[in-house]
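In what follows, a single structure is set out as structure tokens and then discussed.
Every number in this text was worked out from the coordinates using simple rules, so none of it is lab data. Just so it is clear, the model here is predicted, and its values are computed rather than measured. Here Cβ is always computed from backbone atoms with ideal geometry, including for glycine, and neighbour counts include all displayed protein chains.
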Ligand SMILES: *Cc1c(COP(=O)(O)O)cnc(C)c1O
């Protein structure tokens, strides 16, 4: 039996991609904000319905540069979630700031009711994550940020193309960051982007992703190298054409999972039921009420060549160099989620018979 990974990337046909990259052998313009970089920025600005977008080499650098852009004093505190991919926390630390961890709600997003208790005179920003495409309470977070003069940076790596109340998700907060990694709903092989509404940010990020260099002789900022290359931009243009279909295929499969798991008493699946949210069906997480069941099912699936994943375990606040020392208040829900959630395979080509097989194993705890 073939192995089943937790995801499989969307791909254009080989011929289509080869055909699209042909002009690069003529132009020899392979990176440094070429024509495809420009075209993809325009197309994504439109697709995501955001005022401005800046393409990046990956989602992580988009996060780092979005944080750097804000110019916070070193040692400032950023309130964030520990229930995320390690990238979120690393971006904060690598920018010389201190992550302060806030607990999550049952929908896995940051518990906005617990943010204010964590604010000190060093707090400069909130960095929440739209986990599994569930959207944070953006209104309340905005209110708290405004009241306390904090910036809001959303890690929207899981929320590509989603909308809330009809607005593209990249419109919330001061900056939203997307990942276009091959394992995400939409990808450019490696890639990412930051979206924002202030036009000056475009120029600043343009500098930051290009060593801070502007023109040939001006160095405007202490930048990094985070430019998206032309091959990636072309992959992005190809995949953008097919993304609606890809999301539809994911939705059908997620709904099939939900139907088959409806009677299952020992777990709850993500229902994609937040009000006013249009989902991208990037992940299919199930939460086992008894965390021992999670680990049993994880192992049993592996024995059968089915690679479900424990996203996110361990909590980023428990990483070796932090080891819980930044936990100021209990992270009860986050801790439970880290021990109890399993992400089941979900991607556009996943066979319905495979879903039936996976559900059977999940329901019977691997027997
Ligand atoms: C994937 C991911 C990132 C990092 O994106 P890359 O493109 O892989 O650098 C950051 N945060 C979250 C929540 C992610 O899932």
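Between 80, 31, 120, the GNM of the chain built on Cα springs shorter than 10 angstrom shows 120 fluctuating the most. Residues 111, 354, 19, 273, arranged from fewest to most other Cβ atoms within 10 angstrom of their Cβ, appear as 273, 19, 354, 111. Which whole-angstrom value gives the distance between the alpha carbon centres of the stretch 64-102 and the stretch 265-319? Rounded to whole Å, the Cα centres lie 26 Å apart.
How would you classify the stretch 34-82 from its alpha-carbon gyration tensor, with a ≥ b ≥ c the square roots of the eigenvalues: rounded for a/c under 1.5, else prolate if a/b is greater than b/c, otherwise oblate? The shape class here is prolate. Put in order of Cβ neighbour count within 10 Å, fewest first, the listed residues 43, 294 become 43, 294.
Considering only alpha-carbon pairs that sit under 8 angstrom and 6 or more positions apart, the relative contact order computed for the chain is 23 percent. Tell me whether the stretch 1-151 comes out rounded, prolate or oblate; compute the Cα gyration tensor, take square roots of the eigenvalues as a ≥ b ≥ c, and use a/c under 1.5 as the rounded threshold. The shape class here is prolate. A Förster radius of 22 Å combined with the Cβ-Cβ distance from residue 365 to residue 3 puts the calculated FRET efficiency at roughly 0.55. Helical runs assigned H by DSSP (4 residues or longer) give the chain a calculated mean residue ellipticity at 222 nm of -11500 deg cm²/dmol, each run adding -39500 (n - 2.57) before division by the residue total. Summary value for the stretch 77-116: 43 percent relative contact order, contacts being C-alpha pairs under 8 angstrom separated by 6+ residues. Neighbour counts of C-beta atoms inside 10 Å place 357, 253 in the sequence 357, 253, starting with the fewest.
Between the C-alpha center of the stretch 127-156 and that of the stretch 47-63 there is a gap of 17 Å. What shape does the stretch 215-310 have by the C-alpha gyration tensor, where a ≥ b ≥ c are the square roots of the eigenvalues, rounded means a/c under 1.5, and otherwise prolate means a/b greater than b/c and oblate the rest? Cα axes put the stretch 215-310 in the prolate bin.
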